[in-house]
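Report on the structure given below.
The values are calculated or read from the model by the stated rules, or taken from the named source; none is laboratory data. Note that the structure is predicted; figures quoted are calculated from it, not measured. Glycine gets a Cβ as well: all are built from the backbone with ideal geometry, and neighbour counts include every protein chain shown.
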Amino acid sequence: MTYKNNTDPAEGETTRILVAEDDCVSLCVLQKMLEKWGHDVVVAKNGTEAWQVLTGPEAPRLAVLDWMMPGMAGTTICKRVREIPLAPPPYLILLTARSDSADIVTGLESGANDYVTKPFRYAELRARVHVGLRVLDLQDRLAQRVEELEMALKLVKHLHGLLPICMYCKKIRNDKDYWQQVEAYISDHTDAEFSHGICPECYEKLLKSQTE
């Protein structure tokens with residue numbers, strides 16, 4: 001799911017969304033609503049089907065899960081999804097008739113990102129889906145930025161291209177047009193460290209006569 005800068009990710013973009021609901025009427029209503037908003041909807045009629053979709057190939061990035069379903073409860077799905085290394089993690093919205101604060105806490109602590117109570121209102125559900133899409137968009141942007149920074153760091157740490165070096169003193173010209181000793185230039189552009197010594201040839205030419 002990729003979006004252009006300065007656009008609302010919930011508007012004008014098609015997103016694959018899972019809807020898991022064992023009540024056929026509610027499932028149909030949710031499907032039609034999400035499709036009307038321009039999304040590609042995958043349906044599951046029980047928790048087992050929902051789990052298979054979320055852990056299968058090309059799994060939807062956002063899911064609306066009913067709390068009470070045959071096979072596996074929505075809260076159980078949330079817990080199991082959070083236990084496996086999915087990158088990036090999906091955005092999970094729980095859908096339930098339970099509205100007590102304790103139930104809301106239980107749902108969120110199971111791993112859900114958001115919570116919608118039944119009977120759900122059109123505007124509220126759409127707003128919460130919008131929030132989920134914006135979160136996913138931010139995750140994508142952050143992951144892309146991290147990848148770019150890692151690539152830039154790798155380039156900085158590796159010498160590449162032509163190095164302008166003086167044929168007499170062997171200094172290297174850096175990007176700011178200053179001349180540096182070879183060891184200084186390499187230290188600035190790599191992780192290499194230096195220990196200084198003297199080779200046999202230089203010893204014979206420069207030091208041997210001084211020690212005799």
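Yes or no, residue by residue, for (1) out of contact with any Lys or Arg (no Cβ under 7 Å at 6 or more places or on another chain); (2) in the same structural domain as L92 (by TED's automatic domain parsing); (3) modelled with pLDDT of 70 or more:
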| position | (1), (2), (3) |
| --- | --- |
| D137 | yes, yes, yes |
| A143 | yes, yes, yes |
| C166 | yes, no, yes |
| Y185 | yes, no, no |
| F194 | yes, no, no |
| E204 | yes, no, yes |
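So, S209, is that one modelled with pLDDT under 70, in a loop (DSSP other than H, G, I, E, B) and either in the same structural domain as P88 (by TED's automatic domain parsing) or hydroxyl-bearing (S, T, Y) (or both) or not? First the steps, then the outcome.
Details: modelled with pLDDT under 70: yes; in a loop (DSSP other than H, G, I, E, B): no; either in the same structural domain as P88 (by TED's automatic domain parsing) or hydroxyl-bearing (S, T, Y) (or both): yes.
No.
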- Query: Among (1) at pLDDT 90 or above; (2) not assigned by TED's automatic domain parsing to the domain that holds V29, where does A123 come up short?
  - Reply: (2)
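Which of the residues belonging to the stretch 89-98 are surrounded by 13 or more Cβ atoms within 10 Å (Cβ to Cβ) and out of contact with any Gly (no Cβ under 6 Å at 6 or more places or on another chain)? Before the answer, list the steps.
Kept after step one, since they are surrounded by 13 or more Cβ atoms within 10 Å (Cβ to Cβ), are these residues of the stretch 89-98: 89-96, 98.
Across the stretch 89-98, the qualifying residues are P89, P90, L92, I93, L95, T96, R98.
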- Query: Is at least one residue of the stretch 104-120 surrounded by 15 or more Cβ atoms within 10 Å (Cβ to Cβ), at pLDDT below 85 and either in contact with a His (Cβ under 8 Å, 6 or more places away or on another chain) or in the same structural domain as D23 (by TED's automatic domain parsing) (or both)?
  - Reply: yes
- With respect to R80, is the statement that it is among the charged types (D, E, K, R), within 11 Å of Y115 (Cα to Cα) and surrounded by fewer than 18 Cβ atoms within 10 Å (Cβ to Cβ) true? no
- Test result for E147, free of Cβ contacts under 8 Å to residues at least 12 places away in the same chain, closer than 20 Å to I77 by Cα, of a type outside the set (V, I, T) and assigned by TED's automatic domain parsing to the domain that holds T76: no
- Report whether or not A152 is under 25 Å from Q52 (Cβ atoms) and surrounded by fewer than 15 Cβ atoms within 10 Å (Cβ to Cβ). no
